[in-house]
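Trainee: Below is one structure. I have some questions about it.
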Amino acid sequence: MKKALITGITGQDGSYLAELLLSKGYEVHGLIRRSSSFNTSRIDHLYVDPHQADARLFLHYGDLSDGARLVTLVSSIEPDEVYNLAAQSHVRVSFDEPEHTGNTTGIGAIRLLEAVRLAGVKCRFYQASSSEMFGASPPPQNEETLFYPRSPYGAAKVYAYWVTRNYREAYGMYAVNGILFNHESPRRGETFVTRKITRAAARIKAGLEQHVYMGNLDAVRDWGYAPEYVEGMWRMLQADEPDDYVLATGGNHSVRDFLVAAFEHAGLDWEEHVRFDERYLRPTEVDALIGDASKAERILGWRPTVMAPGLARIMVDADIAALECEGKPWIDRPAHADWAA
Ligand code: NDP
Ligand code: GDR
C-alpha cells in the first residue's frame, strides 16, 4: 500500500486530494495545526477511528514553521509521496502578514524538502506552486513565462518554486512544481472571491443579507474546479521524470462575469446587491491570469472539463443547499449540500 503525506490536508485541495488518494488505496497521513477549536470540517467525512483495522487516514499535529517536527514526521511515516499544500494562501492577507506568509508559504517549503532529505526517505515531492508567481507577466502564461510576483504571497511562492527545483537538481530528488491557476469548489474558503460571491448570492436569496461588499471587479482569472486539479497533482507524481506543469482551463473571465453568472443562477440582479469597499483592493493587483496547460495535456493526459460559468452554478447550488441544511447532521445532508459535493 502506498503512503502519502499531505500538508494542508484541512484546506480545500488537501481534502479533495485525501479523498482521491484514499479512493486509490493509499494510506494517507495529514499534517494538521493545533487549534483551539476543531479545524477538520472538510475531512470529517473521511475520518475513521484509527483504532479500527480498516483506518487509512491518520492525522498528525505539526506546522510548517517547525522544522524538527517535520523531520520526525517524515522519518516515522516514510511516505512514498509528499504533497506540500500548506500555506498562508490568501493574497490580500499576505500584505497584512508578509513575514508570516514568507515563513510559511516560502520557507515552509524548504523546511519540508530538507526534512525529506535529512530523513533519508526516498519519496516523490509535490510543491503547490501558483499562477500568482506570474503576477504582472501578460497572459497567456505557461511554464516558460517570466515570474513577476505582485504580492508577498506571490514572492514566497517563487522562492518555494525555486528551492523545489534546486532540490531536484542538487540532490536528484523527484520534486515537482504544479503551477496551478485558481481552482474553486463548494469547499473553497469563504473569503476567496468566488465563494464569497456564491455564498452571498445564497444568503441574499434566503433573505439573510441584502448586500455584499467587493473590491476590484475587473480582475481576470482562469477559474477551474478543484477536484479536477488534485487529479492533476497526483498525475504529476506518477510521471516517469520529475518536471513542472501548469494546470489551467484557459478560460478568461472577470470577477464581474463570475458575479453575473452566480447571481443570475440564484435569480438575483447583482447590481442591486453589490457594493464597493476599498478594503478589498490590493496595494498591487494581478490584472489577468489565463493559463496554457497544453504541456500537462500532452504529457500527463490531464484535461479540465468544468469551466467558470458551470463552476459558478455548482457553487451557488451547493451554498443554497447548505443553507437549507444548516444545523442538520452530516449524514442527513444531500451530497451536493456539503463538503463532499
Ligand atoms: P487553503 O487556504 O484552503 O488551505 C491551506 C492549508 O494550509 C490549510 O490546511 C491550513 O490549515 C494549512 N496551513 C496554513 N498555514 C500552515 C502552517 N503554518 N503549517 C501547517 N499548515 C498550515 O488553500 P487551498 O487548498 O486552496 O490551496 C492549497 C495550496 O495550493 C496552497 O499552498 C495554495 O497557496 C496553493 N494554491 C492554491 C490555488 C487555488 O486556487 N486554490 C492555486 C494555486 C496554488 P488550517 O485549516 O488549519 O488553516
Ligand atoms: P487570488 O484569489 O488572489 O487570485 O488567489 P481571490 O479569490 O482572493 O481574488 C481573485 C480576484 O478577485 C478580486 N476581488 C476580490 N477578492 C477577494 N478575496 N475578496 C473580494 O471582495 C474581492 N473583490 C475583488 C481580487 O482583487 C483578485 O483580483 C487565489 C488563492 O487561492 C491563491 O492561494 C492562489 O495561489 C491563486 O488564487 C492562484
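Quick note: the coordinates plus some simple rules give every number you see, no bench work behind them. Remember, it's a predicted structure, so these values are computed and weren't measured experimentally. When we count neighbours, we look across all protein chains shown, and the Cβ atoms used for this are built from the backbone with ideal geometry, even at glycine.
Trainee: Note the angle between two axes, namely the Cα long axis of helix 255-265 and the longest principal axis of the Cα atoms of the chain, as a number of degrees from 0 to 90, rounded to the nearest 10.
Mentor: 60
Trainee: Around Gln141, under 10 Å between beta carbons, what's the net of Lys plus Arg minus Asp minus Glu among the other residues? Don't skip to the answer; put the middle values down first.
Mentor: Details: positive: none; negative: Glu143, Glu144, Asp222, Asp292.
Counting the neighbours of Gln141, the net charge comes to -4.
Trainee: A further question on this structure: Of Val93, Gln52, Pro283, whose Cα points farthest to the positive end of the dipole of the chain (charges on the beta-carbon: +1 Lys, Arg; -1 Asp, Glu; origin at the Cα centre)?
Mentor: Of Val93, Gln52, Pro283, it is Gln52.
Trainee: In the chain, what % of DSSP beta bridges are antiparallel (nearest 5)?
Mentor: Details: 2 of 37 bridges.
In the chain, DSSP labels about 5 percent of beta bridges as antiparallel.
Trainee: Quick one: which residues, 5 or more positions from Ile9 or on another chain, have an amide H under 5 Å from its amide H? H modelled 1.01 Å from N in the peptide plane, none for Pro or chain starts.
Mentor: Leu31
Trainee: Which ³J(HN,Hα) values in Hz, rounded to whole numbers, follow from the phi angles of segment 87-101 under the Karplus curve 6.51 cos²θ - 1.76 cosθ + 1.60, where θ = phi - 60° and Gly and Pro get x?
Mentor: These are the phi-based 3J(HN,Hα) values: 5, 6, 9, 9, 5, 4, 5, 5, 6, 7, 10, x, 5, 4, 5 Hz.
Trainee: Moving to a separate point now. Using the Karplus equation 6.51 cos²θ - 1.76 cosθ + 1.60 (θ = phi - 60°), what ³J(HN,Hα) coupling, rounded to whole Hz, does each residue of segment 220-226 give in order, writing x for Gly and Pro?
Mentor: 10, 9, 10, 9, x, 9, 3
Trainee: Something else now. Which residue fluctuates most in the GNM of the chain (Cα springs below 10 Å): Gly30, Gly232, Gly301?
Mentor: Gly301
Trainee: What whole-number distance in Å separates the alpha-carbon centres of segment 21-75 and segment 271-303?
Mentor: Between the Cα centres of segment 21-75 and segment 271-303 lies a distance of 30 Å.
Trainee: Further question: Average projected area of the Cα convex hull of segment 1-117, in nm²? Working shown, then result.
Mentor: Values: hull surface 30.3 nm².
Value for segment 1-117: 7.6 nm².
Trainee: Sticking with this one: I need the shape label for segment 192-341. Rule: rounded when a/c is under 1.5, else prolate if a/b > b/c, else oblate, with a, b, c from the alpha carbon gyration tensor.
Mentor: In terms of gyration-tensor shape, oblate.
Trainee: Next question, about the same structure. How do Trp302, Trp162, Trp223 rank when sorted from fewest to most other Cβ atoms within 10 Å of their own Cβ?
Mentor: Numbers: Trp302 20, Trp162 17, Trp223 26.
By the 10 Å Cβ count, ascending: Trp162, Trp302, Trp223.
Trainee: Ok, one more. Convert each backbone phi in segment 209-218 into a coupling constant with the Karplus relation 6.51 cos²θ - 1.76 cosθ + 1.60 (shift: θ = phi - 60°), then list the ³J(HN,Hα) values in order as whole Hz, x for Gly and Pro.
Mentor: Using θ = phi - 60°, the values come out as 9, 10, 9, 10, 9, 10, x, 6, 8, 8 Hz.
Trainee: Right, something else. GNM on the chain, C-alpha springs below 10 Å: top fluctuator among Leu59, Leu311, Leu112?
Mentor: Ranking Leu59, Leu311, Leu112 by mean-square fluctuation puts Leu59 first.
Trainee: Using Cα pairs under 8 angstrom and six or more residues apart, how large is the relative contact order of segment 128-228, in percent? Provide the component values of the computation, followed by the final result.
Mentor: Values: 103 pairs, mean separation 24.8, N = 101.
25 percent.
Trainee: For segment 157-231, compute the orientation-averaged projected area of the C-alpha convex hull (one quarter of its surface), in nm². Walk me through the numbers on the way to the answer.
Mentor: Details: hull surface 27.6 nm².
Spelled out: convex hull of the Cα atoms, projected over all directions, averaged, 6.9 nm².
Trainee: Where Rh denotes the Kirkwood radius from the mean inverse Cα pair distance, what is Rg over Rh for segment 38-89?
Mentor: 0.97
Trainee: Over all pairs of distinct alpha carbons, what does the Kirkwood formula give as the hydrodynamic radius of the chain, in Å? List each step's numbers first, then the result.
Mentor: Details: mean 1/r = 0.0487 Å⁻¹.
In the chain this quantity evaluates to 20.5 Å.
Trainee: Hey, fewest Cβ within 10 Å first, where do Val306, Val28 land in order?
Mentor: Values: Val306 20, Val28 27.
In increasing order of surrounding Cβ atoms, one gets Val306, Val28.
Trainee: For segment 1-115, what's the relative contact order in percent, using C-alpha pairs closer than 8 Å and at least 6 residues apart?
Mentor: 30
Trainee: Another question about this same structure. Please list, ordered by chain and number, the residues whose modelled amide H lies under 5 Å from the amide H of Asn182; skip anything fewer than 5 residues away on the same chain.
Mentor: HN-HN under 5 Å from Asn182: Asp222.
Trainee: With 10 angstrom as the radius, rank Thr40, Thr7, Thr305 by how many other C-beta atoms surround their C-beta, starting from the fewest.
Mentor: On the way: Thr40 15, Thr7 27, Thr305 9.
Taking fewest neighbouring Cβ atoms as first place, the list is Thr305, Thr40, Thr7.
Trainee: Normalised by the residues of the chain, what does the relative contact order come to in percent, with Cα pairs under 8 Å and at least six apart?
Mentor: Details: 688 pairs, mean separation 56.6, N = 341.
17 percent.
Trainee: Roughly how tilted is helix 308-324, in degrees to the nearest 10 and between 0 and 90, from the longest Cα axis of the chain?
Mentor: Computed tilt is about 80 degrees.
Trainee: Same structure, new question: Taking the Cβ of Glu285 as the centre, find all other residues whose Cβ is under 12 Å away and add up their charges (Lys, Arg: +1; Asp, Glu: -1). Before the final figure, lay out each step's value.
Mentor: Values: positive: Arg92, Arg150, Arg221, Arg282; negative: Glu132, Asp218, Asp287.
Local net charge: +1.
Trainee: Gap in Å between the Cα centre of segment 181-219 and the Cα centre of segment 117-141?
Mentor: 27
Trainee: Given the rule -39500 (n - 2.57) for each run of at least 4 DSSP H residues, summed and divided by the residues of the chain, what is its mean residue ellipticity at 222 nm, to the nearest 500 deg cm²/dmol?
Mentor: On the way: 11 runs with 123 residues, N = 341.
Calculated at 222 nm, the ellipticity per residue is -11000 deg cm²/dmol.
Trainee: Continuing with this model, one more query. If amide hydrogens are placed 1.01 Å from N in the peptide plane, which non-local residues have theirs closer than 5 Å to the one on Gln141?
Mentor: For Gln141, the qualifying residues are Ile290, Gly291, Asp292.
Trainee: A follow-up question, please. Just how many pairs of Lys in the chain have C-alpha atoms closer than 17 Å, counting pairs that are eight or more places apart or on different chains? Intermediate results must be reported in sequence, preceding the final value.
Mentor: Working: Lys2/Lys24; Lys2/Lys122; Lys3/Lys24; Lys3/Lys122; Lys196/Lys205.
Counting lysine pairs in the chain gives 5.
Trainee: Then there is this: Gaussian network model of the chain, Cα springs within a sub-10 Å range: biggest mean-square fluctuation belongs to which of Pro140, Pro79, Pro304?
Mentor: Residue with maximal mean-square fluctuation among Pro140, Pro79, Pro304: Pro140.
Trainee: Hey, another quick one. Relative to the longest principal axis of the C-alpha atoms of the chain, give the angle of the C-alpha long axis of helix 108-119, reported between 0 and 90° and rounded to the nearest 10°.
Mentor: It is inclined by approximately 20 degrees.
Trainee: Just flag the GluC sites (Glu not before Pro) in segment 109-159 sitting in loop per DSSP whose Cβ has no more than 12 other Cβ atoms within 10 Å.
Mentor: Details: sites: Glu114, Glu132, Glu143, Glu144; in loops: Glu143, Glu144.
When the GluC sites (Glu not before Pro) of segment 109-159 are filtered for loop state and at most 12 Cβ neighbours within 10 Å, Glu144 remain.
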